[in-house]
Amino acid sequence: MTTPQQDRQLLDKLSPSRMLLPVVIGLGVVGFMFWRSYKPGDLAGLANAKPGWLLVTLLVLLARDWGYMYRIRHIAEKKLSWKQSIDVIMIWEFASCVLPSAVGGTAIASLLLNKEGITLGKSLAYIMVTAMLDNLYFVVAGPIVWLVAGPHIFPHEVLNPSLVLTLKIAFWTSYVVTVAYSGLMAYALFVNPLSVKRFLVRMFSLKGLHRWRRRAYHHGIEMVHASAELRGNGVRYWSEAALSTAFVWTARYLVIGCLIAAFIDVTWGSFGLIFARNFVYKVVLLIAITPGGAGFAEGAFPTFFRSFAGSDTMTNFILLLYRIVTYYLYLVLGTIFLPRWVGRVFGKQAVKEVMAS
């Protein structure tokens, strides 16, 4: 079980007070963008909104969340009830919104599972599986969208050649690192975890990397334990885990295209290109140091999707909708689910402490 110190750190990371900074940054950036770009009549296109596409957007969001719940319940070998799965996913999403993008909700996910009665060893194993599968989706889908979209996957129309080159280097560097890390995780989980642990320790013992040696050692130990916990799971387990991962990430990347199509006429080719650009957009957000990528997500959005959304003001409006349904919504849901979950696993006194912090 987790220690009191880990419990305290978990509750601190889930403190609702952490919402203030990302909300101020995100809405501040959007407000500035509206102020800078707005001209009378720019939003006249709202009268031509397509209810069908708005309904599709809602269904995609619901399908994504259901897919996340199904996936975590399946990966956890049905040790979670549906109610527990809903709580875990909602709080996981909330944590992703209030913690820096580079950290995300994964940093506390294993503790959430442990608090639901799953041993810490198995919790770490299950979260490592989700991380590995998330990375593998990017590894597999990345070249496919590149083949479909070609060079148009990068926003040549708004960036000068040097910035496009920088973006290409960042994207493919991220891709190579993800391939290497995914391969290392797969080898550790399925083949020889001890050799991977030794490799990590030796690599991070090199000059310049030794400050991360302890973390690498603990990560290697986690891989060894995870491999032992997951040994024996058959083809059906892994195929369902992989398919549910593909389902949730595909749904995640569809949201922007659905929102643009709700207000702007787009061809299926353009819709596919919007989907493809999401891959590069998400890579840019990985460098965000703010909670939930606030400010970075808003600032980068027009660069990738302005050419599909029409005017600057219309782009900003779609951006605001996008952040509402994929970010601010989960802040609100977090404040609803969090007190109930904390009260269930920590007690009523903890609820008062968390909500007051």
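The values are calculated or read from the model by the stated rules, or taken from the named source; none is laboratory data. All values reported here derive from a predicted model rather than from experimental measurement. Virtual Cβ from ideal backbone geometry, glycine too; neighbours counted across all protein chains shown.
Descriptive notes on the structure:
- Test: residue in region 136-152 that is under 18 Å from I75 (Cα atoms) and under 25 Å from the mean Cα position of the chain (by Cα): yes
- Of all residues making up region 104-159, the number that are at positive phi and surrounded by fewer than 17 Cβ atoms within 10 Å (Cβ to Cβ): 2
- Test: L21 is more than 22 Å from Y253 (Cβ to Cβ), touching a residue at least 24 places away in the same chain (Cβ under 8 Å), in contact with a strand residue (DSSP E or B) (Cβ under 9 Å, 6 or more places away or on another chain) and in a helix (DSSP H, G or I): yes
- Restricting attention to region 24-43, the residues being in a helix (DSSP H, G or I) and either modelled with pLDDT under 85 or not aromatic (F, W, Y) (or both) number 11.
- Selection within region 164-185 - among the hydrophobic types (A, V, I, L, M, F, W, C) and without any contact (Cβ under 8 Å) to a residue 60 or more places away in the chain: V164, L165, I169, W172, V176, V177, V179, A180, L184, M185
- Taking (1) closer than 18 Å to F32 by Cβ; (2) surrounded by fewer than 18 Cβ atoms within 10 Å (Cβ to Cβ) in turn, W268 satisfies each apart from (1).
- Going through (1) within 21 Å of V325 (Cα to Cα); (2) in contact (Cβ under 8 Å) with a residue 40 or more places away in the chain; (3) among the hydrophobic types (A, V, I, L, M, F, W, C); (4) surrounded by 21 or more Cβ atoms within 10 Å (Cβ to Cβ) one by one, A246 falls short only on (4).
- Among residues of region 264-292, those that are over 27 Å from V24 (Cα atoms), touching a residue at least 60 places away in the same chain (Cβ under 8 Å) and aromatic (F, W, Y), counted: 1
- Pick from region 80-93, criterion in contact (Cβ under 8 Å) with a residue 40 or more places away in the chain and among the charged types (D, E, K, R), ranking: farthest from V248 (Cα to Cα): D87
- Candidate set from region 322-341 (those that are more than 17 Å from the chain's Cα centre (by Cα) and crowded, with 18+ Cβ neighbours inside 10 Å); member that is farthest from V24 (Cα to Cα): W341
- Number of residues in region 136-184 that are within 22 Å of G269 (Cβ to Cβ) and outside any helix (DSSP H, G or I): the value is 6.
- Matching residues, region 1-53, being under 30 Å from G121 (Cβ atoms) and of a type in the set (D, E): D7, D12
- Matching option when the condition is modelled with pLDDT of 85 or more, in a helix (DSSP H, G or I), surrounded by fewer than 20 Cβ atoms within 10 Å (Cβ to Cβ) and among the hydrophobic types (A, V, I, L, M, F, W, C), among L11, L55, L46: L55
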